[in-house]
Every structure is written in C-alpha cells, then in structure tokens.
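Worksheet: the structure to be examined is printed underneath.
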There are 2 protein chains.
Amino acid sequence: MNLEIRLIPEKEFRRVRETPMDVYDRLALIADMCRANALATVKRAGSGHLGSTFSSLDIVTFLYHAALNIAKRGIDHPDRDIYFSSKGHDVPGHYAVLFSLGILPKDRFVNLRRVGGTHGHPDISVPGIEANSGSLGMGISKAKGIALAKQMKGNKGRVFVMTGDGELQEGQIWESLQTTAHQKVNNIHVLVDFNKIQTDKQVDQVIALTHIEKKFEVFGWHVARCDGHDFARLDETLNRLSQVTDKPKVLIADTIKGKGISFMEGPTALKDGKGLYGWHAGAPDDDAFEAGYREIIERTNNRLKDAGLAPLMTELMETREKHRVRLKDTAEKVVTAYGEALTELGATRKDLVVLDADLAADCGLRPFEKAFPDRFIENGIAEQDMVSTAGGLALQGLLPIVNSFGVFLASRANEQIYNNATEHAKIIYVCHYAGLIPAGPGKSHQSLRDISLFGALPECIIIEPGNGLETKQALEWCVDEAQTSCMIRLVISPSPRTITLPEGYRFSWGQGTVLEDGQDAVLVAYGPVMLHEALTASEMLRDRGFSLKVINLPWLNRVDMPWLEETVGPSKVIFVLDDHSIYGGLGDSLLNACMASDILRNKRVIKFAIADDPACGTPPEVLRYHKVDGESLVARIMTVMGERHG
Amino acid sequence: MNLEIRLIPEKEFRRVRETPMDVYDRLALIADMCRANALATVKRAGSGHLGSTFSSLDIVTFLYHAALNIAKRGIDHPDRDIYFSSKGHDVPGHYAVLFSLGILPKDRFVNLRRVGGTHGHPDISVPGIEANSGSLGMGISKAKGIALAKQMKGNKGRVFVMTGDGELQEGQIWESLQTTAHQKVNNIHVLVDFNKIQTDKQVDQVIALTHIEKKFEVFGWHVARCDGHDFARLDETLNRLSQVTDKPKVLIADTIKGKGISFMEGPTALKDGKGLYGWHAGAPDDDAFEAGYREIIERTNNRLKDAGLAPLMTELMETREKHRVRLKDTAEKVVTAYGEALTELGATRKDLVVLDADLAADCGLRPFEKAFPDRFIENGIAEQDMVSTAGGLALQGLLPIVNSFGVFLASRANEQIYNNATEHAKIIYVCHYAGLIPAGPGKSHQSLRDISLFGALPECIIIEPGNGLETKQALEWCVDEAQTSCMIRLVISPSPRTITLPEGYRFSWGQGTVLEDGQDAVLVAYGPVMLHEALTASEMLRDRGFSLKVINLPWLNRVDMPWLEETVGPSKVIFVLDDHSIYGGLGDSLLNACMASDILRNKRVIKFAIADDPACGTPPEVLRYHKVDGESLVARIMTVMGERHG
C-alpha cells in the first residue's frame, strides 16, 4: 500500500486571504493549513520538531499574516519588521508560513532538510530567514544586535524573537535580559512559546521556571501574558506591547506542545507516553501521520465550509510504499551500547555520576537514570552549569560522566571544561551526535569541531569507537583505566553497517585494527559512519585492482608509535578520513606522528575531512557533497595515486 | 633610596589569636594584618587585584577565623566546611588569611605569582585552595557539585562561595541559580562581594544589577543582606543563613572596593580617577605602596595598643631600589597601536562598531569609546551575549569588532562565534592577552588555546602581529580588505624588544618577513614575545657559528605557498615557535603546508610550543619553564641539528 504526502499549494492560501471573513477565523484557518504543510514536509524529510512547530505556529501565523510589515514592505526592505526563532526547532512551521505568503518558493519548501531545499534549523540562505539558530539561548542577544543596528542606521521596523521555555534555562538568556534592559534596547519583543514541555519531559520536572513573569520583570522587562492560540488575545496583547517604549518587552504565550493534532497535544501525549512526550523530534510513523494529517484537513475543510468556501485542493508531493522498513529499526547504534555499558559500570562503580542537559533519551541515558536515580543529574539546558557542577563532583573524588551533543558540550561549555582540566580531576565527557551524519538537523547540530575544541587540553584523551563492542570497551577503559580526563565522541545515527572487529578484540592504548588488508595505500578512519565509507571505497577499489588497507583507529589524539609504524607498512601514502573538520582531527594527529617518526617521516599524509560548513541533507547527499562518500573517496584516492604514479 | 617590603609573620597572628579580646575587635585586627600582608605580596609580585582583595577580606577573615570548621578539622578533612572564591581575583587576601592560620607556608605565600610560590588566581595546588577560578561565573555551579558530592558521599560540612558583583553579569550565574534551587542543593551559601565597582567603572554604569535581592529571591534563593565590613552583622547574618535548610542561601554583602586604604576606597578613588577606579589590578607604585602600607600598620598598631598589646613585629621580605624604571613604562605595546588604529579607522568607516566586555582599558578601547561613544557597546561581563549581539549587528550590515581577553572570548563564547560564522557576515574578533606572557595571572588568563578554538571555522583568518606597525596594518587589512571574519590575537604586555620591520613594510596575505637571515636552519615565530626569544636564540647561535634564519609570520592559518617555498630556501629543518598550545597553532599550519608542497614535503618541521598547562610566574621563569626562552631554544635547536648531523 502507498502513502501519499500532499501539499496545500500557495494559491489555496491566496484564496483564503482574498475571501472576506472574520480576521481571527481566517488566521485560525491559515494556521491549520500551515500545520498540515509543516506536518507533510516533516514526514517527507523523515525528521523535524513537530511538538514546538505546532505550539508556536499560531503565533508565527499571526505575526506574518496580521502584524509584521513584511507582506507590504518585502522581506529585503531595511525598514521591515524582523522576526526569527531563537530555538529554531520550530522552523518547519516558520517555513510553512513563509511559503503561505509566497516568500519561500515551493521547490525549496517541499524539500525540508535536503541539499538545495531548506535547512533543518534556520539558515539565512533560506528566503525569509533572518538569523541562524537551532542551538539555544542566543536569540535575544542577536535580536539586540539587530535592533541596535536599526537604531544606528536609522532604519525603522520592530524586532520580534521567539524563544522556547526550556531554552530559558540557558545562561545567555539572562545575560541578554540584563544587558538589553540596561542598554535600553527597547525595540525588542520576546515571545516565549511557553508549552511547558522540553524535549520529552515537563519543564517543571527538569528545571522549573518558577515565577517566570516575575523573573522577566525583575530583569527590567515589560511583561505580558496570554493564550498563544487565541488570535484575538494575541492581537490585543501584541498591540499593547508595541506601545510600550520605555522597556524591552516580553509576551509569555501559554501554548500547548503539539497543538492541533489531538494525540500530539501536551497533556494527552504525556499521558499516553507515561510522562514522556513522544512528539518532540522525528517524523511520525505512517499511521500517525495519516491520522494527524486527516484531523487537520477535516478541521480545515469544516472551517472553509463555515466560511462558505469549497474544500481544500491539495497536490501530491510524494508517494511512497507504506510501512517500509527503515535502517534505524534494525541497525546497530553505538549509543545503545554506550547506555548499556554505562548502566553495567554504574552497578560496580559507586563513584560514577551521570550528568545530562535535557538529552537523556538521545544520549542513551535512560537505563542509567532508571537504575541509579540518585547518581543521575538532570541539569536542563544549562551546559555550562552542568560542566562546572561536574568539576565540583570530581574535586570531591567522584567520577562524573558528562553528556550532551558534541556541538553544544564542546563549544558552549568550553571554558568550563578548560577550568576543570586545570584541576586535573578526572571527568569523562561524552560528545554525542559527533560528526557529519545525521545531516538533517543542520549546522547547529552537526559536530565537526569538537576534537579541535578539546584538542589543546594537554591531558585529555579523545576517542571515537567504531561499533558497539568498541564503545563498551572504550567506556570501560575511560572509567577503569584512564588516569586523566577523556572525551568520547559517539555517532548518534544507526550504523550504516556493523563494523566487524577480530575475535577477542581488546581496546588497547593508541592502537587500532586493520579492517581490510591491502598493499597499495593505507586509509585510516574511525566511527561507524566513516568506516563504512572507507570500507565501501576499499571494496570499489578492489574491483579496480587497487588494494587499500583500511584501519580503524579510535584514538584520535594519541597513537602507539611502534604499532603505527608496523601497521602502515611499506605504503608511501597514508590517507586519513576524519568525521570532523579538516582542522585538528585525526589527520593532524597522524601528520604529527609521522613527522616525529624516523620510519614514517617520508610518508605522504593526505587528509580527507570536512573543509567547509557542514551541509544539510540526507546522509548520501551530504556525504557526497563533502566528497567523503565511498565513491568520492575512490576518485580522490586514485587522483593522488595517479599523481604519484605519473 | 630603597623600598622595603615587609611581612607580618604567622607568629604575630598567633599572638593576636591567643590574646583575650572582643571577638569582633580581634577579627578587625586580623583582617587588617592580612590586608598588610596581601598588599606586600602584591607589591612584591608587581601585580594583583587589590580592590576586590580588600573589599572581600573582612568576609574571608570572618569565615576562616570565626565560621568555618577548617581550623579545627583541618583542610583535608572530608567533613570540613568548604570555601572558595568564584571570582578568584581576590586571592591575595585569601592567601593572607590561609597564611595567618598556618595553612599556607611562608615560602609559598611570599612568592605570589611565582613558579613554586602561589598562583595569580586560585589553583588547587596551593594549600587551602579548594577550586580553580579566575574566569568568572563558574563558582556557584562548582559549589553545587561540591555540595552534591558531600550529599552523595555522606560527608558533612557547609559550602561557601564568594562571587563578585560584576560577575553576576555572566549567564552561568543564572543557570546555576535556577538549577541549584530546583535541585534543592540547599547546603550552599553564596556571598556576593557587592562593592559596586567592576574593573574600573561602577557596575551601575556598565550593566546595572537593579533589584539584586529580588533577582535572587525570584530565582528561588533565600536572601540576606548586610554590611560586609561589620563583623557582628556578618556573624549574626551568616548564623541565620545556616539555619535555613529549605533553600540555597545568598548573602549580599555591601562592601567598599579597596576597603582599608583611604585613597583606594571606592568613592574616594572614583573621585580621584574622574569616574575611573584605578586600583582594580596591578601593584601600586612605590609611593602609594608606602602610604597605603603605613596607613594599615598604624591602624593595626593603634588597635593593638587599645587591646593592651605591643606593636607589630614585621620581618623584611625584600629590599629593592626605589622608583626603578620598569620595562612597561618605556616599551612598545601592540595594544596601544591597536587602539590608535581602531580610532583612526572609526573616523572613516562609519559602519564600524566596537564591543567590549568590561576590559576596555586593557584592550586599548578607551580612545575609540571617547571618540565614538555611539558606536561603542560596553556589554559588561557577558561575552556570549556580546558575541551574539555582534552577530545581529553584522547581519544588518555593520562591521562589529569584538574585544575581550582571548581565553574568555574564544572559549566562553565559542558556540556563539560558531553560530555567527555560519551566517558568513563579517566580524572581527580581537583576542587580547594572547599567549603565555604575562604569566602572573595564571592559567585562567593566559590564552594558549585560542587558535585551536577558532581554527575549525572554515573562513576565519587568524593573525597575530609582531609590532605596532604590523598591528595597525593587520587591523586595516581586516577592516578594509578581508572578505571574511578574522581573529586578531594581540599580546597585552609591553614588547620585550621592538621588532623591526623593513622600510616600507606592507602587510601581505599569507606572507611574513625575514627578520634575521641564516642558512643552517629556519625558525618561524610571531608576536613580540616569541619573536624576541627567537631573535635572542639566533643571536646566541650566531656566536656559536650557527646561522639561524628568523621569520616573522603573522598569518597563523593561511600561508602564501610560493612565498613560503622561496623563503624557507635550502634549509632541511623548519622550526616553528608558537605562543600557543602545541596543538593547532602555526606549527600545525606549516606542517600541513609543507605536506601539501612538492618543494617542502621532505623538510622536517619541529614544533616548539606549550605542551602542558601554562605555568604562573615572571616572564623569564615561565618562558624557561616551558623551554621557549632564547637559551632553551638554542639547546633544543642544537639537539635536533646534532641528531641530524650525527
């Protein structure tokens, strides 16, 4: 059976806009049409954040269709009102609204999270997007810069920025609230999408935002609050706010996560999920998609009928086989092995404390959390605080294991990690979602700088395991054997193939494993994603009569020199494939190692890595974009070897 | 004429402790004796933060001499009360108190900011110090970790942490206030040293902390407030706070910056400085030292007399020539050239906006601030907010120039810098206080990781100029010619020699300058500090008949290959001297460049850099410690060349 994914075309929005009806009825209608389109694009992309897309969508619809001057002035006018989302997770809804106004062209809109389409989080290369976001807490600061620039340049227009509620746990929010009020940058409207659920738990359970209105007030802001799904109240409240000129302004909008699809709505969904909210990220399965889509379309058609209008005309975006089996349902995930190993270790190592910054499920921490609730610290979206808390625990002789996505942990909390490092108390940092893949969420989530951000800490050992077994052994090594702090980077997506390690494999300091023997050149890689590409390249090269030795080296900044010297063998060229920026990864580590070795000094080291911003798209298209897929590697290797032979 | 720097020995503290007298009178006496010792050690070291040392010293004295159980339990007891300073700038006073109790031995105490003595900011290698600090905002988080560990391990003892007031501008503070309250980590006492002056301006002028008590309250903390120089009130208030068990606790202590020396006290000093406070950092000159020391000693002796005790016996710490001329009074400073160039550019480039995070004087920004107040943004100690604000300005077509110390800017605001980089709007980041020297403030201030923290941003060009002229030209290049974002790193200390560039020197993309010709080997370096050591090495080697070519290469991650190939010439060895970690600096850049060049591939690249945590001490002893002083370089070069010749 086939699944149809359909689009409400722009002309349908025009029809609704041009029909006289009650303004708030029209907004509700448009918002639901945008909901349907957002849902369809997320389903097509296979991922996206529906929960907060739906909670904020009425507000975004209101802004573009009733408040901002963009429709009149145009998106490039210097006096335009500016809106962007600080959290950025809700961008599928934002795109849907931009599409509804003709600002975002169809061919980009329907290709959510694809190269050439739109990004998984806001990116200014997409028409209508005013600022990049997706990592939390930066939006008010950036809005302040935009408002200050308007002031300095004498440009008109108001500045609106949407934040989440969990996002208010980030320290930068409070920095920006203080400075904005002090600097009297009053032309800012902050809209808090207060849906009360962050990732998959209630904000109140994670880190409560008690006295949210008073907090903004005492930081010098003018505060208003209303139902974020009630267009009349939004209209009235935002009008009132725009009259306030002696203070920056915040609207706390009470919203419902997943608003608009009954079973995705906060209270119902929490109940169904036994306290966990299941619709934060990821696309719904085929049945849920069809049920949800039907619910929105039926409501929309009823509204159209009430307004005396014909039902919606939709067009086909894509047809696909229903209930197809996806890689992620069957493949190995290193993060699962990590979670299991962590829980096993927790049973014997009573000094082990696990810290999380609101990504417990993604980071495989739920088993540990359940088994050892007293040694699990859920710290909310406050990475800096989490890392320094770990520092305090380590000073008192406990062993903290600190988890978040690498792009946040290594970067946001970098100075705190450095401060801890100068105390030389052992801490294990786990940078999840390491590397290029999955590439759908885009640059704010892909972690390609984490090795470089830990690299200059003299003692810190950096490891990326290639399969579940190696993950378990690597964690055990870090916990039981390492004398210093360690950073483990872990791929978050299902492994494209399970990397096979030799019978009786033992994780050993500075050493890797030959996965595929070969004489003509050596390719060193690590992690399941890039090892798969390396092995693919080797298989393709073998068909051409070129024999490539593939080595898995999980030690990214340490190497056992005798092992390396022996393993590289006579090959004159060492290719190194990094799932990281071209700067500072394993390639540089081996370049230095070779320079320091009398045996290896005259080898040629060729680095394959990510030389520019990571692209957003499906794994194959993004690997290809950066020329690190198997086929591209073959071409690059042959070019180099050809040069040498020529 | 000679200057005497004297010490009040530990036995004098014992005498006071053992004499029966009013407890608060005794505390006042001890605090002043600690003041005298702190002043003397700062004078001897040549630098230190007296303003906040003096504002917090009564509180620290009270804690150790009347509140904490450390004197009884001992500094290593698991049930001890724990105190540390989050700001850490006030550590000379903390050391003085630890010395007064015999916890910190004399030979370490008198050697403030020296290798083998004590660190310029708190370091746990110093007896009595419980946590490393010096970079702001981390203390409450770390105290939370310590308190949680006490709880998990079943250890007794209270946890106290001191913060500054300006420090409350850091976002991490508010993260930690939210999480601590939510997690009910109630065994924490935060002490705010509310002296109302940060660096050299009033907090109210920088970023006001309006409603400070209400802010803590609304974040779920129990708040008390009292005069931080009134021992009776401190006693009563802290006693009361320790009874509170349902919330974490904060004492806002109203203090006077520079308390205890009349002309250093906030109100007077601000008046004398025409609104700028002159005693935040640095040692007083000889006359101010003598006047201040005399004032404290006279007051102390009067107090002793009132208590029926003999006057103080002090012992000589050091005698030195009075009014000696110091390097810093005469030498070139690249930061001065930077400030001048910035102001010149500001006159023609109306799009240029300068941002500062409360280090305007140190970063040479005062001339610009004065000339263009409307394009100068004083953002307080809120680096993340500053960087994202710059992002907003850049999105609107302005050119932000973002300033702070490199160790803070590159690290604390790393994710914000990355987010801006993904928007590709040009921003110039200036990492001041780059490199190893001055080494007195210690690891929290020495910036040896900044190149690595910017290195993986694909477009960002990293530059460090070697003298004033090159600084001016580098800034002009970044402003007028660069197409992408740039990072300029600048040494903050006076140049040990003025680097001479050729007549008509023109700063050119990817190219450096031969400062000293030579045939036997090549040494590439940058920045005034390391170029001086490189030239010193070259001079010493010349005497031994070894001719070393010294090249200044200000481009740290870009190089003009034909220029490099030609300039290196026939030498088989290229030494690279980094004022940075061994990881990710110019050494790695040139290693990659050589590997990519058919001409240079077989050269040997030897990196000299900082391989471990930066030491704290005087410039000569720290350069020697890390083996990057001229003499050590000679030895290291000869070892390599000997190997080659052998």
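The values are calculated or read from the model by the stated rules, or taken from the named source; none is laboratory data. Model, not experiment: these values are computed from the prediction. With ideal geometry, Cβ positions are generated from the backbone for all residues, glycine too; neighbour counts draw on all protein chains shown. Just so you know, the surface numbers come from the protein's heavy atoms only, side chains and all, with ligands and any DNA or RNA stripped out. Shrake-Rupley method; radii C 1.70, N 1.55, O 1.52, S 1.80 Å.
Key figures
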item: Test: B:Leu104 is part of a loop (DSSP other than H, G, I, E, B) and more than 14 Å from every other protein chain (Cβ to nearest Cβ); result: yes
item: Conditions (1) in a loop (DSSP other than H, G, I, E, B); (2) within 13 Å of another protein chain (Cβ to nearest Cβ); (3) open to solvent by less than 20 Å² (accessible area, probe 1.4 Å); (4) touching a Ser or Thr at 6+ places or on another chain (Cβ under 7 Å): number failed by B:Glu459; result: (3)
item: Residue selected from segment B:361-376 under the condition of a type in the set (A, V, I, L, M, F, W, C) and away from chain A (no Cβ under 14 Å), by the criterion farthest from the chain's Cα centre (by Cα); result: B:Ala371
item: Test: residue in segment B:322-329 that is at pLDDT 95 or above and open to solvent by 30 Å² or more (accessible area, probe 1.4 Å); result: no
item: Out of B:Asn186, B:Asn155, sole residue that is of a type in the set (S, T, N, Q), assigned to a loop (DSSP other than H, G, I, E, B) and more than 9 Å from chain A (Cβ to nearest Cβ); result: B:Asn186
item: Unique match (being among the hydrophobic types (A, V, I, L, M, F, W, C), at pLDDT 95 or above and surrounded by 24 or more Cβ atoms within 10 Å (Cβ to Cβ)) among B:Ala337, B:Ala410; result: B:Ala410
item: Among the candidates B:Leu342, B:Leu312, B:Leu365, B:Leu304, residue that is touching a strand residue (DSSP E or B) at 6+ places or on another chain (Cβ under 9 Å), open to solvent by less than 30 Å² (accessible area, probe 1.4 Å) and in contact (Cβ under 8 Å) with a residue 40 or more places away in the chain; result: B:Leu342
item: Test: residue in segment B:253-270 that is open to solvent by 60 Å² or more (accessible area, probe 1.4 Å), out of contact with any Ser or Thr (no Cβ under 6 Å at 6 or more places or on another chain), assigned to a loop (DSSP other than H, G, I, E, B) and of a type outside the set (Val, Ile, Thr); result: no
item: A:Val110 being touching a Leu at 6+ places or on another chain (Cβ under 8 Å), open to solvent by 10 Å² or more (accessible area, probe 1.4 Å), more than 8 Å from chain B (Cβ to nearest Cβ) and touching a residue at least 40 places away in the same chain (Cβ under 8 Å); result: yes
item: Answer from A:Val622, A:Val628, A:Val640 - the residue that is open to solvent by less than 40 Å² (accessible area, probe 1.4 Å), within 25 Å of A:Gln511 (Cβ to Cβ) and either in contact (Cβ under 8 Å) with a residue 24 or more places away in the chain or out of contact with any Lys or Arg (no Cβ under 9 Å at 6 or more places or on another chain) (or both); result: A:Val628
item: One residue from A:Val514, A:Val524, A:Val430 being closer than 22 Å to A:Thr389 by Cβ, in contact with a strand residue (DSSP E or B) (Cβ under 8 Å, 6 or more places away or on another chain), touching a residue at least 24 places away in the same chain (Cβ under 8 Å) and among the hydrophobic types (A, V, I, L, M, F, W, C); result: A:Val430
item: Total residues in segment A:397-407, condition buried (at least 24 other Cβ atoms within 10 Å of the Cβ) and more than 8 Å from chain B (Cβ to nearest Cβ); result: 6
item: Qualifying positions in segment B:74-90 - closer than 22 Å to B:Arg17 by Cα, touching a residue at least 40 places away in the same chain (Cβ under 8 Å) and out of contact with any strand residue (DSSP E or B) (no Cβ under 6 Å at 6 or more places or on another chain); result: B:Ile75, B:Arg80, B:Asp81
item: Any chance B:Ser125 is hydroxyl-bearing (Ser, Thr, Tyr), crowded, with 21+ Cβ neighbours inside 10 Å and within 14 Å of another protein chain (Cβ to nearest Cβ); result: no
item: Hits in segment B:478-507 - residues which are open to solvent by 40 Å² or more (accessible area, probe 1.4 Å) and on the phi < 0 side of the Ramachandran plot; result: B:Asp480, B:Glu481, B:Gln483, B:Pro496, B:Arg497, B:Thr498, B:Thr500, B:Pro502, B:Glu503, B:Arg506
item: Considering residues of segment A:578-596 that are farther than 18 Å from B:Phe454 by Cβ and small (Gly, Ala, Ser) only, the residue most open to solvent (accessible area, probe 1.4 Å); result: A:Ala596
item: Which numbered condition A:Arg601 fails, given (1) away from chain B (no Cβ under 14 Å); (2) without any contact (Cβ under 8 Å) to a residue 12 or more places away in the chain; result: (1)
item: Residue in segment B:413-423 that is surrounded by the fewest Cβ atoms within 10 Å (Cβ to Cβ), counting only those that are touching an Asp or Glu at 6+ places or on another chain (Cβ under 7 Å) and not hydroxyl-bearing (Ser, Thr, Tyr); result: B:Ala421
item: Filter result (more than 7 Å from chain A (Cβ to nearest Cβ) and in contact with an Asp or Glu (Cβ under 8 Å, 6 or more places away or on another chain)) within segment B:387-396; result: B:Ala394
item: Boolean, B:Gly157 is in contact (Cβ under 8 Å) with a residue 40 or more places away in the chain, small (Gly, Ala, Ser) and buried (at least 24 other Cβ atoms within 10 Å of the Cβ); result: no
item: Yes/no for A:Leu633 being crowded, with 21+ Cβ neighbours inside 10 Å, outside any strand (DSSP E or B), modelled with pLDDT of 95 or more and more than 10 Å from chain B (Cβ to nearest Cβ); result: yes
item: Unmet criterion (only one of (1) open to solvent by 10 Å² or more (accessible area, probe 1.4 Å); (2) within 14 Å of chain B (Cβ to nearest Cβ); (3) not in a loop (DSSP other than H, G, I, E, B)) for A:Gln473; result: (2)
item: Neighbours by Cβ (under 6 Å, 6+ apart or cross-chain): first from segment B:487-506, aliphatic (A, V, I, L, M); second part of a loop (DSSP other than H, G, I, E, B) and surrounded by 15 or more Cβ atoms within 10 Å (Cβ to Cβ); result: B:Met487/B:Cys460; B:Ile492/B:Tyr433; B:Ile499/B:Gly466; B:Ile499/B:Asn467
item: Flag for B:Gly584 being within 12 Å of another protein chain (Cβ to nearest Cβ) and on the phi > 0 side of the Ramachandran plot; result: yes
item: Set B:Ser133, B:Ser141, B:Ser176: member being among the hydroxyl-bearing types (Ser, Thr, Tyr), at the interface with chain A (Cβ under 9 Å from one of its Cβ atoms), part of a loop (DSSP other than H, G, I, E, B) and under 24 Å from the mean Cα position of the chain (by Cα); result: B:Ser133
item: Qualifying residue in segment A:193-205 (condition: open to solvent by less than 10 Å² (accessible area, probe 1.4 Å) and part of a helix (DSSP H, G or I)); result: yes
